[in-house]
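Every number in this text was worked out from the coordinates using simple rules, so none of it is lab data. As the structure is a prediction and not an experimental result, all values here were calculated from the model. Virtual Cβ from ideal backbone geometry, glycine too; neighbours counted across all protein chains shown.
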Amino acid sequence: MAQADTPDAPAPAPVITRLKNRPDFLAAAKAQNCARGAVAAQVRHRGDGSAEIRIGFTATKRIGGAVVRNRAKRRLREAARQLAPLHARPGCDYVFIARGGTVSRAWAPLLDDMKSTLIRLAADLGARNLSSSLGEPPPPRLQTRPD
């Protein structure tokens with residue numbers, strides 16, 4: 001029996017590419033978002049039937065100068081490289097936004113922040129996809145702070 005025919009064969013790793021175009025970032029900004037600790041993320045299901053995961057990174061001038069922004073994006077890229085194959089949903093675009101503590105946060109808590117963000121976004125996407133397939137309105141988002 002061939003190795004690929006065994007039930008315990010590992011699933012192929014999803015294809016992960018980078019988001020680089022402004023329209024893709026803007027489209028993700030209009031979709032789901034979640035912030036945990038030093039990581040904020042936005043996710044949009046493309047609906048194009050592709051299993052590709054696309055990931056973009058951004059840091060505003062509010063967190064610091066160019067050196068600080070680049071360091072924050074490097075840390076986010078490495079965390080995403082480790083966690084996206086495990087927790088990101090195929091067919092989605094993700095944008096990770098560096099927050100004030102991204103550079104100064106210890107590595108393990110930063111990974112925990114990104115992991116919990118990815119899990120929450122996947123759960124939100126799953127709930128919305130399930131309700132849309134049943135013809136129901138999507139469930140309301142939980143507010144973390146009062147308006």
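Computed values, structure above
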{"item": "Region 96-118, residues that are in contact with a strand residue (DSSP E or B) (Cβ under 6 Å, 6 or more places away or on another chain), over 11 Å from residue 79 (Cα atoms) and of a type outside the set (Gly, Ala, Ser)", "result": "97, 99, 117"}
{"item": "Selection from region 64-95 of residues that are out of contact with any strand residue (DSSP E or B) (no Cβ under 8 Å at 6 or more places or on another chain) and part of a loop (DSSP other than H, G, I, E, B)", "result": "64, 65"}
{"item": "Filtered residue count, region 45-94, keeping only those that are closer than 19 Å to residue 20 by Cβ, aliphatic (A, V, I, L, M) and surrounded by fewer than 18 Cβ atoms within 10 Å (Cβ to Cβ)", "result": "1"}
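So that you can scan it fast, the table gives a plain yes or no per residue for (1) in contact (Cβ under 8 Å) with a residue 12 or more places away in the chain; (2) more than 19 Å from residue 13 (Cα to Cα):
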| site | (1), (2) |
| --- | --- |
| 70 | no, yes |
| 74 | no, yes |
| 111 | yes, yes |
| 118 | yes, no |
